[in-house]
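A.B. asks: Sharing a structure here in structure tokens format.
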Amino acid sequence: MSGLGAVLLVLTAVVGVLGIPAANEIPSGFILDVKADCGRSRALDRPVLRVKTDLNVVIKAKCSNGVKKFLTTDKVNYALAGTFYGGSTSRCRFHRRANSEVYTVIVYVSYGEGGSPIHKEPEAYSLTCTFARKGLKSTKALLVKPGFNPPVELRSEAGSKTTSVLTLNIYNVRDQIIKGSIVRGCRVYLAATTSGRNRELGLRPVSCDAISATSGKRLPILRAGCSTKALWPAFTGFTTIGRRVRSPYFEMIQIEDDQKISFECVFTLCRTSCNGSSCAGSRPKRSSEEEDDEQVVRSEVMTVE
């Protein structure tokens, strides 16, 4: 059976399974993607169950060797290692259908909107991996819902010292730029890019504020490249890779009761590579001829619902 090829199949929502009530409708503006990566073949035995969401969730899988919990490091991407065989106590063993090469697992997801600790009844998803004798048979992944938020493009206002074009955008957990309104409590992240026209090799944030469009009040979220603890833990920074820099995930906020908000950041355009965390320590001193340019980028106003 080791020569069998893998079929990647993914997600079928099921209701009324094992006493689970009818599935709840995912709240508008939030994301919940559930899938199984089956691996290239059954013999490799490296399936992984994955969930991507900006909801506050508890996720468990009903495996043939017991109930297993998913692991996460960012509360957006959740994973659980699986197996098609016995012997492992930590990995989730798939259920094999009788007289077939079809393997299934039921994943239960309960959630509360944003940071709400109150969870709805769990929804059940049947994840399936099928193996065929004639090699890999590709199948179409069925997402829970194709898309909740269209991407908020936040345009930059580049300073006069550079010919480079800077952009600042806010992204959802699918790495899509969000446009229009956004639901309060959704997990998102900020990311900025520079065109490189000024021959810079990277950019790093110096400071960032969230700004109320109505009152003009500012919430400092980053100072000297490090978190102010308003959105992220202390000593947390943005991460630069080449000419792109991004923040950690955070839950979308409002300033007081204002639904209109924008973000403003000061970025350093790096003449040499500046990959890594903006909070990793002070950068080395340079001569005046080598001094990097600093540019202010202010987003367009967006609506938080």
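A.B. asks: Could you compute the FRET efficiency for R97 and E121, with r as their C-beta to C-beta distance and R0 at 35 Å, rounded to 0.05? Provide the component values of the computation, followed by the final result.
C.D. replies: Values: r = 27 Å, r/R0 = 0.77.
Taking R0 as 35 Å, the efficiency between R97 and E121 is 0.85.
A.B. asks: Per-residue HN-Hα couplings for the range 299-305, Karplus 6.51 cos²θ - 1.76 cosθ + 1.60 at θ = phi - 60°, whole Hz, x for Gly and Pro?
C.D. replies: Whole-Hz 3J(HN,Hα) from phi for the range 299-305: 6, 6, 6, 10, 9, 9, 8.
A.B. asks: Next question. Cβ neighbours within 10 Å, averaged per peptide: list 224-235, 167-178 in order, most packed at the top. Working shown, then result.
C.D. replies: On the way: 224-235: 15.5, 167-178: 19.8.
So the peptides 224-235, 167-178, ranked by packing, come out 167-178, 224-235.
A.B. asks: Moving on. Just the Cα atoms of the range 166-303: what Rg and Dmax do they give in Å?
C.D. replies: For the range 166-303, the Cα radius of gyration and maximum Cα-Cα distance read 14.9, 46 Å.
FYI, it's all coordinate maths here, none of it is from the lab. All of these numbers come straight from a predicted model, not from anything done at the bench. Positions of Cβ are generated from backbone atoms using ideal geometry, with glycine treated the same way; all protein chains shown enter the neighbour counts.
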